[in-house]
Amino acid sequence: LYSVNITAEEAEMIEMSLSDVILKIDNELATITLNRPDNLNALSKELLEGIYEALNHIEFGEHNIRCLIITGEGRAFSSGANLSDSMEVGANKNGFPVDVGHQLELSYHPIMRRLRNLHCPIISAVNGPCAGAAVGIALSCDLIMAARSSYFLLAFRNIGLVPDCGVTWIVPRLIGSARARELALLGEKLHSEKAQEWGLINRVFDDETLMEETEKVARKLAEGPSGQRFIRQVMWDSLDNNFETQLDLERQKQFQAGQTGDFFEGVNAFLEKRQAKFTGK
């Protein structure tokens, strides 16, 4: 596991460069920035390794991270898979077909599973074009904020591939099967305001205020109760559970939330008519 020997007591603000990724930790708020603006933050092997490394530090480091923002450096969130990588072209140097599906399992799926099961809420700040596999990363977050100039593109069909990184699971659930099929089969851009209208994303901001507005929401989440982790779990699981299973899950997570210090603080604050001061524990 990746770790850095700097504790929260030693510094309130930490910024570190990983493999094509910048990880910033500001008290309880972490930000992962995809940092290859020269190629629109294309998802190379190195960049994917950097995301995974950053998630290791967020999940297993000594900081009490209570919210994560994922965004891109420069004028794009990400253009999707880096097609110059040998794993993404049609054949390797010996002329044999590359198993692109196997490469998904090696490089992309571990990140998608980590995002799905992370202990804290995640916000994606889509600051520009978001294409291909990057759409799956952006939409796997709990809240999706987008710049007005940004767009989403299921570009897979344009190179003869199938949507991946969970896109075929989450997009139909957000906007319905008909619209999902349209985006996947036609490979056309969906601009941010239309994406919000369809229910694919949460909020749209002017380009110059995107990060400021996203951080306002992230700070609210970072100051929230530890029960937020259970909220994200029950909401994501509800997409597949039947009613009875979901009732059982609510009961289980409610028990866990009721054992936290933040629950007792919330009740006491309510009874004392004051603002609760949650610690995330």
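The values are calculated or read from the model by the stated rules, or taken from the named source; none is laboratory data. Not measured: the values here are computed from a predicted model. Heavy atoms of the whole protein, side chains included, go into the accessibility calculation; ligands, DNA and RNA do not. Shrake-Rupley method; radii C 1.70, N 1.55, O 1.52, S 1.80 Å.
Observations on the model:
- Taking all protein chains together and a 1.4 Å probe, the residues 102, 63, 119 rank 102, 119, 63 from largest to smallest accessible area.
- Across the range 156-171, coupling constants 3J(HN,Hα) worked out from phi with the 6.51/-1.76/1.60 Karplus curve, θ = phi - 60°, read 4, 4, 6, 10, x, 10, 9, x, 9, 6, x, 4, 6, 8, 7, 4 Hz, and Gly and Pro carry x.
- In Å², nearest 10: area of residue 248 left accessible to a 1.4 Å probe: 100 Å²
- Amide H within-cut-off set for residue 280, under 5 Å, with H built and near neighbours excluded: 226
- Solvent-accessible surface (1.4 angstrom probe) belonging to residue 20, in square angstrom, nearest 10: 40 Å²
- Using C-alpha pairs below 8 Å separated by at least 6 residues, the relative contact order for the chain is 14 percent.
- Multiplying the residue separation of residue 62 and residue 207 by 0.36 nm and subtracting their alpha-carbon distance yields 48.8 nm.
- When Rg and the Kirkwood radius Rh are both evaluated on Cα atoms of the range 10-71, their ratio Rg/Rh stands at 0.98.
- Solvent accessible area, Å² - residue 13, 1.4 Å probe, full protein context: 100 Å²
- Within the chain, antiparallel bridges make up roughly 40 percent of the DSSP beta bridges whose residues both belong there.
- Rounded to whole Hz, the Karplus (6.51, -1.76, 1.60) HN-Hα couplings of the range 106-122, x for glycine and proline: 6, 10, 9, 4, x, 5, 4, 5, 5, 5, 4, 10, 4, 6, 10, x, 10
- Prolate/oblate/rounded label for the range 141-217 (Cα gyration tensor, a/c 1.5): prolate
- Computed over all pairs of different Cα atoms, the Kirkwood value for the hydrodynamic radius of the range 128-281 is 17.7 Å.
- Cα gyration tensor category, rounded, prolate or oblate, for the range 215-277 with a/c compared to 1.5: oblate
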